[in-house]
Amino acid sequence: MAVTASLIASLWRAPMTTLSPRRGSILRLIVDGYIATGEPVASSVVASDLKVKISPATVRNEMVGLEDDGYITRPHSSAGCVPADKGYRFIVEGLEASYIQPDMQDFDAIRAALEERRRDMEEWADAAASIVAGLLKTLAFASAPRADASRIKQLEILLMQDLTAMLVLILHETTVVKQLIPLDSPTTQDELFRVRNRVHEAVTGRTADEIARRIGVGDSGDGLESLILGSAVRTLRERDQQKISGYNIEGLGRLLGAPELSQDNYGAELTDALDSDEALYELSEGAPSDGSAVVYIGAEIPRVEFNRCSVIIARYGVPSEASGVVGMIGPTRLAYKRAVPVVEAAATLLGDLVTEAYYGYPVSGESTTAHT
């Protein structure tokens, strides 16, 4: 059964129990300590690291309260504590409440990687996935920007042979689509040029459905104009039917090498889930259009294949025009304070590229130049 984005969103946005400042400080130390070492954090370590000194006995009592509330767990009765999914969620909500700038080196590395491929939109997703995976040492993914409904920016018709023409559609997401058209009778390039001039206004800036409604064209028609317009409508519809965009994935080996994910057969199950775009597509549907990251943690995700992982996703692009997503998957023991800003920085810079492709300038130029 498909998992809806609204269901996932309702899970991760569930309100958290309010923690006292002292208990919140203790939980942050436990999360930070476990992320850094991968070992259970003892009460004595927490007591020594607290800025406001309290006795180890008081720390232990507070940790019992955190355990009772589901923020931490004890692997063994005599061992220290490790964060539960709810504990990680507390940390992530703190990040969401106060914007954290990405590290300048991370930001510059992402910008440089995208700059190398800026001339080829189809390469942006590969570049983003590769650099994010490299920076965070885990799996990263990205999809190329796609228009919700393809719109024609420019139409050209070229004569290839006496009975064959090539329709060239330049779409608003700067993608070029070519389609060979068999002609009913021999024609000339001059005649095709005249047809192009007549139909260009009817198709420019419009989707397949808008073109069909405007000119009364279905999937076929009589005459050279109808032949060209019908082919344009079919080509756009075929492209729009590819609802689930492909994802560029990098760093699967790094993800599966995490100790938390290498037990039993979990890695194989996770790999099987990633072989299809369906899981990432469903998770991506919950990403807002403003470029802020959405974070899913462990058991919050209804798909059991991801119940030991955290997923961070941000959407980029031009709202109502073209968009894609960039994100990462790692174990729940994840440095969220770095990972969330890295994903959001990648989304910001990808968004600048899309905006520049559409309008000739990036709308978030101030935010990008602030890091130079």
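Here, each number is a calculation from the coordinates, and none is a lab measurement. Remember, predicted model here, so these are calculated numbers, not experimental data. A quick note on method: Cβ atoms are made from the backbone with ideal geometry, for glycine too, and the neighbour counts reach across all protein chains shown.
Computed extension length for E305-R22: 98.3 nm, one decimal, from 0.36 nm per residue of separation with the Cα-Cα distance subtracted. Across the stretch 223-239, rounded Karplus estimates of 3J(HN,Hα) from the backbone phi angles (6.51 cos²θ - 1.76 cosθ + 1.60, θ = phi - 60°) give x, 5, 4, 5, 4, 5, 5, x, 5, 5, 4, 4, 4, 5, 5, 4, 5 Hz, Gly and Pro being marked x. Here the dipole of the stretch 152-240 is about 260 debye; that uses its Cα centre as origin and unit charges on the Cβ of Lys and Arg (positive) and Asp and Glu (negative). Within the stretch 149-171, which residues have the backbone N less than 20 Å from the label spot 7 Å out from D240 along Cα→beta-carbon, could you tell me? Answer for the stretch 149-171: 149-156, 167-171. Between amide H atoms placed 1.01 Å from N, distances below 5 Å from A165 occur with M160, I181, L183, all of them 5 or more places distant or on a separate chain. Between the listed residues A345, P83, P319, the Cα displaced farthest toward the positive end of the dipole of the chain, a dipole computed from Cβ unit charges relative to the Cα centre, is found at P83. The count of lysine pairs in the chain whose Cα atoms are under 26 Å apart, excluding pairs fewer than 8 places apart on the same chain, comes to 10. Here the label points at S48 and D264, each 7 Å from Cα along the C-beta direction, are separated by 3.6 nm in the simple model.
Which angle between 0 and 90 degrees, to the nearest 10, do you get for helix 85-97 versus the longest principal axis of the chain when only C-alpha atoms count? The two axes meet at around 60 degrees. Rounded to the nearest 10 degrees, what's the angle between the helix 56-68 long axis and the longest principal axis of the chain, both from Cα atoms, 0 to 90? With rounding to tens, the tilt is 40 degrees. Measure nothing fancy, just the Cα-based angle from helix 121-136's long axis to the longest principal axis of the chain, in degrees from 0 to 90, nearest 10. Rounded to the nearest ten degrees, it is 10.
The peptide list 25-35, 108-118, put in order of mean Cβ contacts within 10 Å with the highest first, becomes 25-35, 108-118. Protection proxy ranking of 51-61, 280-290, 348-358, 198-208, by the mean of other Cβ atoms within 10 Å over each peptide's residues and highest first, is 348-358, 280-290, 198-208, 51-61. The candidate values are (1) 1.14; (2) 1.25; (3) 1.01; the one derived from this structure for Cα Rg over 2.2 N^0.38 Å carries the label (2). Put simply, the amide H of A322, placed in the peptide plane, has no neighbours under 5 Å, leaving out anything fewer than 5 places away on its chain.
Dividing the summed helix terms, -39500 (n - 2.57) for each DSSP H run of n ≥ 4, by the number of residues in the chain produces a 222 nm estimate of -15000 deg cm²/dmol to the nearest 500.
Share of Cα-Cα pairs in the stretch 251-372 beyond 22 Å, in percent? Percent of Cα pairs beyond 22 Å in the stretch 251-372: 39.
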